[in-house]
Amino acid sequence: MKGLKQKALNGAKWSLLEKVINIGFEFAVGIVLARLLMPTDFGTVAIISVIISFSLIFVNSGFSQSLVRDPEVGNKDFSTIFFFNLAVGILFYGFIFFLSPSIASFYENNELTLYVKVLGLSIFFSSLTLVQRVNLTREMNFKLMSKIGIASSLSSGILALGMAFSGFGIWSLIAKTISREIIQTSLFWFNNKWKPSSVFESTILMKHFKYGSNFLLSAIIGQFYNNILALTIGKIYNLQTLGYYNRAQLFSNTISENVGGVMTSVSFPALAKVQNDREKFVNGVSLLLRQAFYVIGILMILVFFSAKAFIPFLLGSQWEKAGEYLQYLSVIGFFGMLNSILVNSISVTGKSNIYLFIQIWALALNIISLTFGYFYGIEVMLSLLILFYVFSYLLISHVFNLFFNYSILNQFKDYKSLMKVIVPAMLIGIIFSIFESSMFMVLLMVISQLTYVFIVSSWLKIEEFELIKNLIFKKDRR
């Protein structure tokens, strides 16, 4: 268990390094590109990205989760899934290639035809790396994956900046996505020892599909749930409004998905290894929830109270609406992270049918909020989403308690010491919001909040604070 914990900590350290570098660089690149390009450009790429995301679900088909979880997999398993991924990747690229004129017609933008055909190539490149990622994840070789992620992000970002400054417009965003996939694919194959054998066994495919099928259906529902807003905003309103929403969502996801992703990507294989030991499993989930509550909670508080002044300052006055949307999305991102941890923890024990049920429930709530948004505006839609995410957190916590005897009350008890940090930091933001919003006041507020968090966390010896501090500053213990 100690060796597993050390592997998880080392993995977290490398994943954190990758996320910090990527977040910082992507943040800087995003600021420059937002000032050089128009909101409509970002909205256009967002529409295409949603279509590609749907295609990648079928390329994966839930096999990644099955390969990570199954303790007895060999080269035949990896090779079979690899050739399936590749075949489906080629098939779906063909679909969107021939459907691109219809997509352009639906959004009344003829230029979308060529954009879809070019960006769709990322489906093919992604299909080549899925098994390579799984192989490294099983080995918990997060160091290599982090290096690949950093290299591809830096290279593609530099290319996009060069093209944007040269006047290529939206093509700089397209080149950024395609070049990142090409570089990642090349590095995964060059650095990974595993290579596919000439073998494909339908029995192996069906074995993994039996477990992964619920993840496939859940992923379809989840993607529809996550992206129906983008698809609908782009059609009902316009691509400019979608551009505002997309930028706000990107800022929110930078925290909730990238920072939170460090926790979940490392914890999934670690929790899978102790899934049969209930006490260790629940303790692991509890630690993960506390870390998310502390880290994501603090960051989202900072985002919520600074968004309206910070976004226009960074991106320009034309992005003011994105700052307003970001306030809603910061709250959604916080509860979404807690929900994600609980759902993934349930699914890692093999209860993929529960995962599917929760995704269907979430989709139903999203459709309800979207319906109200159609009649009453996007702000009403986002407000309802906050309520639904809170309610979903309570529901998922109840489901988790049914299986693992870890109730919402147990969670609140674990959060008790953290509330001494979170609540006052929120009150500081409320006090500063009384005054006129300006960058000076925002900076003063953020400094005040972070100073309070650091002092109180150190004084009370908050476990999550100490863990993060040790993770960053202490050397590996062999």
Exercise for review: Considering the options Val73, Ile430, Leu314, tell which one lies farthest towards the positive end of the dipole of the chain, charges being +1 on Lys and Arg and -1 on Asp and Glu at the Cβ, about the Cα centre.
Suggested key: Val73
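With Kirkwood's inverse mean 1/r over C-alpha pairs for Rh, give me the Rg to Rh ratio of segment 238-478, two decimals please. Intermediate results must be reported in sequence, preceding the final value.
Details: Rg = 18.9 Å, Rh = 19.3 Å.
Result for segment 238-478 is an Rg/Rh of 0.98.
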Check your understanding: Based on Cβ point charges of +1 for Lys and Arg and -1 for Asp and Glu, what charge dipole magnitude is obtained for the chain about its Cα centre, in debye rounded to the nearest 20?
Key -> 1520
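Rounded to two decimals, what is Rg over Rh for the chain when you use alpha-carbon atoms and the Kirkwood radius?
On the way: Rg = 22.1 Å, Rh = 23.4 Å.
Reported Rg/Rh (Cα atoms, Kirkwood Rh): 0.94.
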Revision key, fill the gap. Reduced to Cα centres, the span from segment 115-181 to segment 312-328 in Å works out to 27
Exercise for review: Using the Kyte-Doolittle scale, find the helices of the chain whose mean hydropathy is at least 1.6 and whose Cα atoms extend 18 Å or more along the helix's long axis, counting only whole DSSP H runs.
Suggested key: 39-60, 378-404, 439-460
Point to revise | Count of lysine pairs in segment 113-198 with Cα separation under 26 Å (8 or more residues apart, or interchain) | key: 7
Exercise for review: Just tell me which aspartates and glutamates come within less than 18 Å, Cα to Cα, of Lys207; anything on the same chain fewer than 8 places away is out.
Suggested key: Asp70, Glu72, Asp77
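For the chain, what is the mean residue ellipticity at 222 nm derived from helices alone (per DSSP H run of n ≥ 4: -39500 (n - 2.57); sum divided by total residues; nearest 500 deg cm²/dmol)?
Values: 18 runs with 405 residues, N = 478.
The helix contribution divided over the chain gives -29500 deg cm²/dmol.
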Point to revise | Fraction in percent of alpha-carbon pairs per bin - 5 Å, segment 114-228 | key: 2, 10, 14, 16, 18, 18, 12, 6, 2, 1, 0
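How high is the relative contact order of segment 238-478, given as a whole-number percent (alpha carbon pairs under 8 Å, six or more residues apart)? Write out the running numbers ahead of the final one.
Details: 213 pairs, mean separation 53.8, N = 241.
Once normalised by length, the contact order is 22 percent.
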Review point. Can you give me the relative contact order of the chain as a percent, contacts being Cα pairs under 8 Å and 6 or more apart?
Key: 19
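Here, each number is a calculation from the coordinates, and none is a lab measurement. Here the structure is a predicted model, which is why all the values come from computation and not from measurement. Neighbour counts run over all protein chains shown; Cβ positions are idealised from the backbone, glycine included.
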